[in-house]
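The values are calculated or read from the model by the stated rules, or taken from the named source; none is laboratory data. Everything numeric in this text was worked out from a predicted model, so none of it was measured. Cβ placement follows ideal geometry from the backbone for every residue including glycine, while neighbour counts extend to all protein chains displayed.
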Amino acid sequence: MSTARNAILNRLRQAGAQPLPVNNPDYPLWHPSNPDELLERLSELLSQNHAEVIRLNRRELVATLKDHIEQAGLRRIATGTGGEFLVEITQALTGSTEQVPFTRPLEQWKEELFSQVDAGITGCHGAIAATGSLVLWPDASEPRTLSLVPPCHIAILKASTLYANLPAMMADQGWARGMPTNLLLVSGPSKTADIQQTLAYGAHGPKQLLVLLLEDA
């Protein structure tokens, strides 16, 4: 926290300022009645937002990923240079599929990334069941561009990283001690309502979102 911000907050506290109580908030926090409801709600909301969700065990990850890539006809796939699933991703990208690791500055291959890459693959930091949102915490090994530019985004999510709501994730992980410099919340393929106020999917960024939900991890 910056020195200037600390000074402002200290002056407010010394003046007796107190946060206003929140009664009947406009967006009350959702809480599940049982653990299974987390997975069901996340899958349902993602599907409603035109994402495809496949629930599987981690031992099935390589084969499932490979099958989907072949069936979808994806030929060039951008990946990070690290992350928990890099070994399995690399194993799945064999045969006619070319793995394009994000090893160069964006400026050096921007045109290639925008026009010659079929998909990008990332892991997920977690997910929020209440809103059906994936939480991505990009870093140098998995830049955010992987999930924002290619026409298809493949996201790998561990069920054990699923939370009921965003405040629960923030509190449990101690975000107050170190907020991310960059955070993405992904709830489906890209969409816009700018055109005649009609919701359209795939107007910019990924037109497809595939979520591989690992239930035993």
I want to confirm something. Restricting to the range 65-75 and keeping residues that are out of contact with any helix residue (DSSP H, G or I) (no Cβ under 6 Å at 6 or more places or on another chain) and part of a helix (DSSP H, G or I), which single residue is surrounded by the most Cβ atoms within 10 Å (Cβ to Cβ)?
I69
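Residue-by-condition table, conditions (1) assigned to a helix (DSSP H, G or I); (2) farther than 17 Å from Q208 by Cβ; (3) out of contact with any helix residue (DSSP H, G or I) (no Cβ under 8 Å at 6 or more places or on another chain); (4) without any contact (Cβ under 8 Å) to a residue 40 or more places away in the chain:
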| residue | (1), (2), (3), (4) |
| --- | --- |
| P19 | no, yes, yes, yes |
| D36 | yes, yes, yes, yes |
| L46 | yes, no, yes, no |
| V53 | no, no, no, no |
Cβ pairs under 8 Å, 6+ apart or interchain, first in the range 148-168 and within 19 Å of T90 (Cβ to Cβ), second aromatic (F, W, Y) and assigned to a loop (DSSP other than H, G, I, E, B), ordered by first then second residue, are I156/F85
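Would you be able to tell me the number of residues in the range 84-113 that are small (G, A, S) and surrounded by fewer than 18 Cβ atoms within 10 Å (Cβ to Cβ)?
First, the residues of the range 84-113 that are small (G, A, S): 92, 95-96.
Now restrict to residues that are surrounded by fewer than 18 Cβ atoms within 10 Å (Cβ to Cβ): 95-96.
Qualifying residue count, the range 84-113: 2.
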So R177 clears everything in (1) closer than 25 Å to L38 by Cα; (2) at pLDDT below 90 except one condition, right? Which one?
(1)
Of the residues in the range 137-166 that are assigned to a helix (DSSP H, G or I) and not aliphatic (A, V, I, L, M), the one that is nearest to the chain's Cα centre (by Cα) is S147
One residue is enough: does the range 170-184 have a residue meeting the conditions farther than 18 Å from P101 by Cβ, in contact (Cβ under 8 Å) with a residue 12 or more places away in the chain, surrounded by fewer than 16 Cβ atoms within 10 Å (Cβ to Cβ) and in contact with a Ser or Thr (Cβ under 8 Å, 6 or more places away or on another chain)?
no
Scan the range 64-92 residue by residue and report those that are over 20 Å from K158 (Cβ atoms) and touching a Leu at 6+ places or on another chain (Cβ under 8 Å).
I69, I77, A78
What number of residues within the range 121-133 satisfy the criterion of being among the β-branched types (V, I, T) and part of a loop (DSSP other than H, G, I, E, B)?
1
Go through (1) within 30 Å of K66 (Cβ to Cβ); (2) in contact (Cβ under 8 Å) with a residue 40 or more places away in the chain for L106 and report which single condition fails.
(2)
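Conditions (1) under 16 Å from the mean Cα position of the chain (by Cα); (2) at pLDDT below 95; (3) in a loop (DSSP other than H, G, I, E, B), marked per residue:
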position	(1), (2), (3)
A63	no, no, no
I77	no, no, no
Q91	no, no, no
F114	no, yes, no
V135	yes, no, no
A168	no, yes, no
Name the residue that is surrounded by the most Cβ atoms within 10 Å (Cβ to Cβ), counting only residues in the range 33-47 that are of a type in the set (S, T, N, Q) and within 17 Å of L185 (Cα to Cα).
S43
